[in-house]
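Structure first, then comments.
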Amino acid sequence: METILNYIENLFLSYPNTPNVRKAKEELLALMEDKYHELKSEGKSENEAIGIVISEFGSMDEIAFALDSDKSLHAKPPLSGHSQETIRLNLKQAQEYLDTRISFGIKIAFGVALCVLSPTPAILTESLYDGGFLTASLSELLGAVPLFLMVALAVGIFITNGIAMGKYEDYEKKQILLDAAAQKKLTGEYESWQTAYGRRIAAGVILCIVSLIPILFTDWLLKDTSYAWLEDTTALFLFLCVAIAVFLFITSGMRQSAYETLLGKGKAAQKPFHSKKDRRISLVASIYWPIITALYLGWSFFSMNWGMTWVVWPIAGILFGGICSAISIVSSEKAL
Amino acid sequence: MISSDGIRGYNDMILLCLLLEKPSYGYEISREIKLRTAERYIMKETTLYSAFTRLEKSGYISSFYGSETNGRRRTYYQITEKGKVFYQEKCEEWHATKEIVDKFMKNGEESLWKPS
């Protein structure tokens, strides 16, 4: 099987990764695989089957016209390797890029989730203060320190990862040519990922909606109760939901765009120069979150209305998602 | 085995004839040709693919994705109305041609020139 894949791959080495060429490659491969399986089921040995399949393949001259519309592009000689516009990747390299992008997405998402969750220790300590377990100053200190630490950690993550992704800038600028094995495996993965992608986005949206339910519920139904801990719990629930939702949006969005870059699908296909998108997002995040923190603290200390000011965080979290999308759109428009 | 050069002009007709029976996909067609000719004609993969592409470009056949089998969607081909008309015309042309060419083709001993 591997032999057949490599055979096709070598024959197509000098052709660009255009729709016509991809189609020819896929169809020929399907024909060969079907024949191979039939020969095997007739009791032929692996080598015999491969031998027959390859001997009956025919000549590339015959299908030249089917690839003809791409002629202008494949003027370069075979095995020329790197041209200015294309990067050739084998399965291992493509997988490595995909893994890096996925883990980059997880780290950024983790950083954003940290920012969203950063006021939660303050809510907890305030709750303890309300309960009479802590003094006012101690509760403020125990709330503020984790907040700063979490935001600082997040900013650190944004900056270091933005730099680390720099080496893949080329991948998004240039056209990527995958070899047959990588094309086949990743196309399969991409297709099965689509379902999971849809589910995760839907789950995130549902979480955002659900996050508000307990707050509305307690506000409406328990207006007169003085259960401060109940309000704190609903606030914690909201932060947690938003943090998970934001995490889902960012990780699945990054993974999706990594597939699109590799396979030349979707938006990535039309904007070969969305290059610095990831780094722009890190850059914006590293400025955005400290500003939000400053805003939060400024407003809180000024108004001393700590029970109210935390709304900054979920709003900022959702707004950040919007900013990420806006950056993507702007980067793609610049490219056009 | 028949030389592929001799039969080249008729590949399109073979495919159209088989697609006239039912929509089908690449390997099924290839197997059918091998079976019906008792392995005397095996169409090469590239020949098959180029014929499909050409016929589709001319609008004689159209392709669609079949249901998923073994994790892959097969491309199926079916003959179009235009294809059916074309096939009919070509069949008539073939019979006329055959009749004429036959007059000049002798087989076996007959082909030996005998002075009369």
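Mind pulling up the Rg/Rh value for region B:4-104? Radius of gyration and Kirkwood radius, both on Cα.
My calculation of the ratio gives 1.00.
How would you rank B:ASP12, A:ASP130, B:ASP5, going from fewest to most other Cβ atoms within 10 Å of each one's own Cβ?
Working: B:ASP12 20, A:ASP130 16, B:ASP5 7.
Lowest to highest Cβ neighbour count: B:ASP5, A:ASP130, B:ASP12.
What order, most packed first, do the peptides A:169-179, B:82-92, A:138-148 have when packing is the mean number of other Cβ atoms within 10 Å of each residue? Mind showing how you got there, number by number?
Values: A:169-179: 18.8, B:82-92: 14.6, A:138-148: 16.3.
Ranked by mean Cβ neighbours within 10 Å, highest first: A:169-179, A:138-148, B:82-92.
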Charge context of B:LYS22, other residues only, Cβ under 12 angstrom, K/R +1, D/E -1: -3
Spacing of the two label points (7 Å from each Cα toward its C-beta) at B:LEU20 and A:SER55, in nm: 3.4
Rough spin-label spacing in nm, given labels placed 7 Å along Cα→Cβ, for A:MET1 and B:GLN78: 3.1
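Taking other Cβ within 10 Å of each residue's Cβ, how do A:TYR129, B:TYR60 sort, fewest first? Each step should come with its number before you reach the end.
Values: A:TYR129 19, B:TYR60 22.
With the fewest neighbours first, A:TYR129, B:TYR60 line up as A:TYR129, B:TYR60.
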Set A:LYS25/A:LYS174; A:LYS25/B:LYS84; A:LYS44/B:LYS44; A:LYS40/B:LYS90; A:LYS40/B:LYS82; A:LYS25/B:LYS22 screened for pairs whose C-alpha atoms are more than 27 Å apart: A:LYS25/B:LYS84; A:LYS40/B:LYS90; A:LYS40/B:LYS82
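With charges set only on the Cβ (+1 for Lys and Arg, -1 for Asp and Glu), what does the dipole of region A:87-335 come to about its Cα centre, in debye to the nearest 20?
Numbers: 21 positive and 18 negative charges, 288 e Å.
So the dipole magnitude of region A:87-335 works out to roughly 1380 debye.
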FRET E, pair A:ASN90, A:GLN194, Förster distance 30 Å, beta-carbon r, rounded to 0.05: 0.80
Among A:SER257, A:LEU134, A:ILE213 - extreme Cα towards positive end, dipole of region A:128-259, charges at beta-carbon: A:SER257
Student exercise, region B:4-104 dipole from Lys, Arg, Asp, Glu Cβ charges, in Debye to nearest 20: 300
Nearest-0.05 FRET efficiency for B:PHE64 and A:SER41, computed from C-beta distance (R0 22 Å): 0.25
Euclidean distance between Cα centres, region A:241-265 to region B:2-78, Å: 41
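Compute the FRET efficiency between A:SER303 and A:ALA203 as 1/(1 + (r/R0)^6), taking r as their Cβ-Cβ distance and R0 = 45 Å, and round to the nearest 0.05. Walk me through the numbers before you get to the answer.
Working: r = 35 Å, r/R0 = 0.78.
Efficiency, from the Cβ-Cβ distance: 0.80.
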Theoretical gain in end-to-end length, A:ILE291 to A:LEU153 [0.36 nm per residue, Cα-Cα removed]: 48.2 nm
Separation in nanometres of the label points that stand 7 Å from Cα toward Cβ, at B:THR37 and A:VAL330: 6.3
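I want to verify the translational diffusion coefficient of region A:120-256 in µm²/s; compute it with Stokes-Einstein, Rh as the Kirkwood radius over Cα pairs, at 37 °C and 0.692 mPa s.
On the way: Rh = 18.9 Å.
For the chosen part, D equals 174 µm²/s.
Since every read-out is calculated from the coordinates, none of them should be taken as a lab result. These figures come from a predicted structure and were not determined experimentally. Cβ sites come from the backbone with ideal geometry, for glycine too, and all protein chains shown count toward neighbours.
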